[in-house]
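Student: Following this message is one structure expressed as structure tokens.
Values quoted throughout were computed directly from the atomic coordinates according to the rules given, and no laboratory measurement underlies them. It should be emphasised that the depicted structure is a prediction, and the values quoted were computed from it without experimental measurement. In this analysis, Cβ positions are derived from the backbone assuming ideal geometry, glycine residues included, and neighbour counts consider all displayed protein chains.
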Amino acid sequence: MQDVEFVDGLLDFIQRSPTPFHACDNIAATLRENGFTELFEADDWALQATAQHSGRYFVCRNDSSIIAFCINSDAVEHGFQMVGAHTDSPCLKVKPQAEKVSQGYLQLGVEVYGGALLNPWFDRDLSLAGRVSFIDAADELHSVLVDFEQAIASIPSLAIHLDRDANDKRSINKQQHLPPLVMKLPKKLEDSSSTPQLRDLLLDLVQRQHPGSGAHQVLEYELSFYDVQPPAVIGLHQDFIAAARLDNLLSCYTGLRALLDENGKRNCLLVCNDHEEVGSMSACGAQGPFLHSVLQRLCPQAAQLTRALDRSLLISADNAHGVHPNYADKHDDKHGPLLNAGPVIKTNANQRYATNSHTASLFRRLCHQADVPVQAFVTRSDMACGSTIGPITASVIGVDTIDVGVPTFAMHSIRELAGRWDGFYLYRALREFFRG
Ligand SMILES: [Zn+2]
């Protein structure tokens with residue numbers, strides 16, 4: 001795969017993946033197109049009997065986490081080459097009883113998901129997408145993915161004339177200041193008994209987007225607001241990618257493209273977990289049993305699995321903070337990753353990252369073999385360090401792990417900025433890893 005094709009594919013994937021559900025669905029569709037067979041956790045897996053089974057498979061959990069793998073040799077003898085990433089990004093999620101009317105405007109109550117940078121959410125053209133559960137005429141329960149696709153809402157800023165201190169100290173009350181405006185109600189609809197109901201709007205949407213679904217009544221939903229502005233390559237020399245959810249759909253896409261290029265020699269696995277932004281402690285999150293349970297089915301005996309894991313490596317790919325020219329003092333002066341200068345090895349003495357000298361040198365060698373530049377990051381010693389799925393997965397399954405990622409700006413903003421070529425550099429390193 002060439003660099004321009006890679007970047008085009010990345011932007012398209014981000015645009016089509018406004019929520020973890022959509023990301024998972026798009027990854028699954030690409031895997032199917034490339035000869036992967038879907039497995040279901042409730043089924044007996046035919047490949048369970050032997051770890052030497054050759055084949056390409058994937059399995060989803062909660063429609064929002066996905067594990068894909070290729071078994072090409074004896075797992076106990078050769079272990080797994082694993083890449084991890086996460087499907088979720090900070091955002092605003094709609095509350096269960098969301099409708100509220102204030103000053104004649106219909107608004108939807110929202111919860112903040114993860115550590116969102118909230119200021120950039122104001123004055124954006126927002127749409128809404130996610131998973132909707134409904135019953136059909138026979139009272140059967142189903143769920144489907146929906147996407148309003150159009151800008152249907154906005155969170156207008158308060159004018160500076162009404163808050164002269166806004167540039168110095170505007171703070172955001174998450175309960176009071178965030179509910180997006182979705183419509184100005186006609187006078188006759190202003191009393192609460194005739195207010196438009198989100199579930200009715202969703203029923204219309206499900207019937208339009210899934211005409212064969214027989215949807216009769218919407219029961220529940222998990223919906224996130226997102227910015228409709230499409231991802232773009234920007235800069236005088238087109239050096240940057242500007243997009244929502246670069247953290248961490250960039251790594252999901254990069255891991256996926258690398259996995260598709262495996263060459264039938266090694267046992268390769270890609271895990272993309274939901275719920276990283278809220279601590280990973282869920283049934284489908286990295287702190288849950290999903291990956292361990294899949295590995296157990298590939299190596300059913302405990303001793304086999306321990307032996308396989310001892311021969312395995314996990315590359316946990318999640319974005320790193322590039323050194324910002326306007327805030328350069330926020331980085332250690334020897335550890336300021338630059339955009340378009342290659343993936344970053346993330347290290348933390350207190351194990352907020354799982355990297356150790358052994359795993360770091362394995363990744364450094366990989367980058368060398370793939371002819372890819374590589375950088376190093378540690379947080380300033382007087383600042384707290386973030387974390388990611390790497391140390392969590394390492395502690396759950398006990399596998400050697402390295403935390404890496406491409407440098408970005410504006411992490412957790414509604415629009416983040418990355419170097420145009422770093423994803424492609426990371427892809428080349430991961431492809432080398434999967435090919436051996
Ligand atoms: Zn992340």
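Student: In square nanometres and to one decimal, what's the mean projected area of the convex hull around the Cα atoms of the range 130-193?
Tutor: 8.1
Student: Hey, another quick one. Just check the range 354-436 against the gyration tensor rule for me: Cα atoms, a ≥ b ≥ c as the square roots of the eigenvalues, rounded for a/c under 1.5, and otherwise prolate or oblate depending on whether a/b exceeds b/c.
Tutor: Because a/c hits 1.5 or more and a/b fails to exceed b/c, the range 354-436 counts as oblate.
Student: Given the rule -39500 (n - 2.57) for each run of at least 4 DSSP H residues, summed and divided by the residues of the chain, what is its mean residue ellipticity at 222 nm, to the nearest 500 deg cm²/dmol?
Tutor: Theoretical 222 nm ellipticity from helices: -8000 deg cm²/dmol.
Student: Also: Which one of Ala42, Cys284, Leu246 is farthest out on the positive end of the charge dipole of the chain, using unit charges on Cβ (Lys, Arg +1; Asp, Glu -1) and the Cα centre as origin?
Tutor: Of the candidates, Leu246 comes out farthest on the positive side.
Student: Moving on to the next point. How many times 2.2 N^0.38 Å is the alpha carbon radius of gyration of the range 247-300?
Tutor: Scaled against compact globular proteins, the figure is 1.29.
Student: Any idea what the dipole of the chain comes to, in debye rounded to 20, about its Cα centre with Lys/Arg Cβ at +1 and Asp/Glu Cβ at -1?
Tutor: Result for the chain is approximately 680 debye, rounded to the nearest 20.
Student: Turning to a different aspect of this structure: In cubic angstrom, how much convex hull volume per residue do the alpha carbon atoms of the range 1-150 span?
Tutor: Hull volume over Cα atoms, normalised by residue count, gives 196 Å³.
Student: Choose one of Leu92, Trp121, Gly104: the residue whose Cα lies farthest towards the positive end of the charge dipole of the range 62-137 (beta-carbon charges +1 Lys, Arg; -1 Asp, Glu; about the Cα centre).
Tutor: Gly104
Student: Sort 73-81, 18-26, 357-365 by the packing proxy (mean of other Cβ within 10 Å over each peptide's residues), most packed first.
Tutor: 18-26, 73-81, 357-365
Student: Could I ask something else about it? Can you list, largest first and rounded to whole Å, the semi-axes you get for the range 279-436 by taking the square root of 5 times each eigenvalue of its Cα gyration tensor?
Tutor: 28, 18, 14
Student: Just to confirm the number: angle between the C-alpha axis of helix 246-260 and the first principal axis of the chain, 0 to 90 degrees, nearest 10?
Tutor: Between helix and principal axis, roughly 40 degrees.
Student: Which three lengths, in whole Å and largest first, does the range 176-292 cover when its Cα atoms are put on their principal axes?
Tutor: Answer, in whole Å and largest first: 66, 45, 34 Å.
Student: Hey, got the dipole for the range 132-258? About the Cα centre, +1 on K and R Cβ, -1 on D and E Cβ, debye to the nearest 20?
Tutor: Charge dipole, the range 132-258, about its Cα centre: 440 debye, nearest 20.
Student: Only Cα pairs under 8 Å and at least 6 apart count here; give the relative contact order of the range 371-436 as a rounded whole percent.
Tutor: Result for the range 371-436 is 27 percent.
Student: Starting with the highest mean, order 346-354, 211-219 by the number of other Cβ atoms within 10 Å, averaged over the residues of each peptide.
Tutor: Highest mean packing first, the order is 346-354, 211-219.
Student: Taking the dipole about the Cα centre of the chain, with the C-beta of Lys and Arg at +1 and of Asp and Glu at -1, give me whichever of Phe69, Val378, Met411 is farthest to the positive side.
Tutor: So the residue we want is Val378.
Student: Past 23 Å, Cα to Cα: identify those pairs from Lys100/Lys188; Lys95/Lys188; Lys100/Lys169; Lys95/Lys169, in the order given.
Tutor: Lys95/Lys188; Lys100/Lys169; Lys95/Lys169
Student: For the modelled label position 7 Å from the Cα of Tyr105 along Cα-to-Cβ, which residues of the range 126-161 have backbone nitrogen atoms closer than 15 Å?
Tutor: Inside the label zone: 126, 152-160.
Student: Something else: Give the relative contact order (percent, whole number) for the chain; include only Cα pairs under 8 Å separated by 6+ residues.
Tutor: Taking the mean separation of contacting Cα pairs over the length of the chain, I get 22 percent.
Student: Using only the Cα atoms of the chain, what do you get for the radius of gyration and for Dmax, in Å?
Tutor: Answer for the chain, Rg first and Dmax second: 22.6, 72 Å.
Student: Just order 128-135, 427-434 by mean Cβ neighbour count inside 10 Å, highest at the front, would you?
Tutor: With the highest mean Cβ count within 10 Å placed first, the list reads 427-434, 128-135.
Student: Under 9 Å from the Cβ of Arg420, count the other residues' Cβ atoms, weight Lys and Arg +1, Asp and Glu -1, and hand me the total.
Tutor: Net local charge, Arg420 excluded: -3.
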